[in-house]
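All remarks here apply to the structure that follows.
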Amino acid sequence: MNLQQVGKLFVGIGAFLVLFGILLVISSKLGFFKFGRIPGDISVSKNGFNFYFPIATSIILSIVLTLVLWLVSALITGTRK
């Protein structure tokens, strides 16, 4: 992989992240998408202390990213295991 291909890859990843970020901002303002506050996330509030641990969100995000990266890898190499 030469530097030109690496540069194109980074531009593509950056464009995807920008579009995903815009989608998150718009959907949260409209109330469609409550990502980060789903059942299974741990939230504790006591006497002015707030603790939030998004365990369910982390698991879902991990599964989605694993599937996306597997698909990208399969498309690039031309194999599906």
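To the nearest 20 debye, what is the magnitude of the charge dipole of the chain about its Cα centre, counting +1 on the Cβ of each Lys and Arg and -1 on the Cβ of each Asp and Glu? Working shown, then result.
Values: 7 positive and 1 negative charges, 15 e Å.
Dipole of the chain, to the nearest 20 debye: 80 debye.
Arranged from highest to lowest average of other beta-carbon atoms within 10 Å per residue, in what order do the peptides 59-67, 46-54 appear?
Per-residue mean Cβ counts within 10 Å order the peptides as 59-67, 46-54.
No lab work stands behind these numbers, since they all come straight from the coordinates. What you are looking at is a predicted structure, and each value in this text was computed from that prediction instead of being measured. Neighbour counts are summed over all protein chains in view; Cβ atoms, including those assigned to glycine, are modelled from backbone coordinates with ideal geometry.
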